[in-house]
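The values are calculated or read from the model by the stated rules, or taken from the named source; none is laboratory data. Because the structure is a prediction, the values reported are computed rather than measured. Positions of Cβ are generated from backbone atoms using ideal geometry, with glycine treated the same way; all protein chains shown enter the neighbour counts. In case anyone asks, the SASA skips ligands and DNA or RNA and just uses the protein heavy atoms, side chains included. Shrake-Rupley method; radii C 1.70, N 1.55, O 1.52, S 1.80 Å.
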Amino acid sequence: MSAADLLGQARELLAQYPVVDGHNDLPWALRQQVRYDLDRRDIAGDQSDHLHTDIPRLRAGGVGAQFWSVYVRSDYTGDEAVSATLEQIDVVDQLITRYPGSLVRALTADDMEAARADGRIASLMGAEGGHSINNSLATLRALHQLGVRYMTLTHNDTIDWADSATDEPRHGGLTDFGREVVREMNRIGMLVDLSHVAPTTMRDALDVSDAPVIFSHSSARAVCDHPRNVPDDVLERLAANGGVAMATFVPKFILPAAVEWTLAADENLRAHGLHHLDTTPEAMALHREFEAARPRPVATAATVADHLDHMREVAGVDHIGIGGDFDGTAFTPSGLDDVSGYPNLIAELLGRGWSRADLAKLTWSNAVRVLRDAESAARELSATRGPSNACLL
């Protein structure tokens with residue numbers, strides 16, 4: 001079958017079973033670039049000069065549901081982290097209000113299905129890092145009431161109750177309070193997201209969780225040995241847990257040759273006084289200058305497909321999904337340059353013999369099911385126990 005035929009089939013499939021993407025950092029990009037001035041970054045039109053994401057490209061990419069990350073940097077702490085998270089939630093609310101013909105708030109799996117039937121993009125939120133709750137279960141519950149439907153237990157830094165994948169461990173995984181955070185997330189129906197956390201934290205969370213977990217944007221460590229990826233023994237546990245691992249597109253997490261190059265590029269930003277996660281025009285100009293002098297190893301849709309092949313083999317086809325991390329990375333794979341690129345990945349998988357039924361699970365059904373299962377677990381748990389008032393000791 002020709003490449004054009006595969007791409008046509010991919011687009012046809014996505015029209016019926018659109019992508020649920022687990023992680024998009026558009027809110028942070030809007031904060032960084034224009035301090036939430038949506039007139040200056042009107043995503044109703046082409047924003048390809050500034051962003052990976054706008055509505056025309058979401059439509060072209062076959063996106064039917066998006067978990068918008070309400071991420072704040074993990075060097076934000078205490079009340080500053082909470083306030084910044086609230087500002088991120090607010091801009092998602094503004095986007096939904098501003099573009100009602102394309103975006104619609106979704107709080108439940110039923111809401112996601114209703115959005116698909118209505119031809120709109122279900123908009124959910126995920127908080128990225130437990131620092132966002134400032135060690136307060138009341139704050140956790142408040143975020144849930146505001147619409148946040150998952151929380152990544154850590155970001156890049158170890159916090160008071162959980163070890164991160166990319167920082168020095170202090171706890172050997174989760175502390176007792178960290179376990180209580182997981183239990184309370186289960187009780188209220190907030191998905192436990194294990195991207196960014198150390199393998200010990202992953203295993204501890206799986207041990208304690210009474211509801212399915214997710215990895216909102218992580219790939220397979222056996223394919224690319226980066227600490228942000230998921231080890232096989234953890235992937236193997238997802239079937240019993242009912243969870244979903246959503247493969248990311250970030251080149252330094254999926255292509256071994258890109259790991260060292262990106263570390264050097266990030267260090268170049270820091271040498272110029274910029275944060276290594278900065279994607280402002282100034283930062284990107286420095287990256288382009290660095291890349292001109294030192295060509296970048298380029299990942300492709302096939303690179304991501306290699307991870308998905310492995311994740312399907314180890315975890316099972318019912319336990320995988322997609323979490324691109326667009327607008328949260330300076331670099332993207334060729335063919336997955338922005339949110340319009342999902343058909344290229346689906347075409348690649350079709351060419352590898354993935355069935356239509358398996359692809360429908362990957363793009364849509366698994367993510368909807370995991371949220372529905374978390375809702376069901378919450379109903380049962382909340383009937384037997386009330387809100388936790390545990391404190392970090």
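Taking every protein chain into account, the 1.4 Å probe leaves His50 with about 80 Å² of accessible area, to the nearest ten. Assuming a ≥ b ≥ c are the square roots of the Cα gyration tensor eigenvalues, decide whether segment 71-165 counts as rounded (a/c under 1.5), prolate (otherwise, with a/b larger than b/c) or oblate. Verdict is prolate for segment 71-165.
Packing-based ranking of 23-33, 279-289 yields 23-33, 279-289, ordered from highest to lowest mean Cβ neighbour count within 10 Å.
Would you work out the charge dipole size for the chain about its Cα centre, treating the Cβ of every Lys and Arg as +1 and the Cβ of every Asp and Glu as -1, and quote it to the nearest 20 debye?
I would put it at about 680 debye.
Residues with amide H under 5 Å of Ile159's amide H, sequence separation 5 or more or different chain, H placed in the peptide plane at 1.01 Å from N; which? Here Ser164 satisfy the definition.
So how strong a dipole does segment 284-392 carry about its Cα centre when Lys and Arg Cβ are +1 and Asp and Glu Cβ are -1, to the nearest 20 debye?
In debye, rounded to 20, segment 284-392 gives about 240.
Helices assigned as whole DSSP H runs in the chain whose Cα atoms extend at least 30 Å along their own long axis and whose mean Kyte-Doolittle hydropathy is 0.0 or higher are found at 78-98. Ligands, DNA and RNA aside, Asp338 has an accessible area near 30 Å² when probed at 1.4 Å.
Distance between the modelled labels on Ala239 and Ala271, one decimal in nanometres: 4.9 nm (7 Å Cα→Cβ projection).
Residue ranges 153-159, 190-196, 37-43 sort as 190-196, 153-159, 37-43 when ordered by packing (mean number of other C-beta atoms within 10 Å per residue, highest first).
Modelled spin labels at Ser83 and Glu380, positioned 7 Å past Cα toward Cβ, are 4.2 nm from each other.
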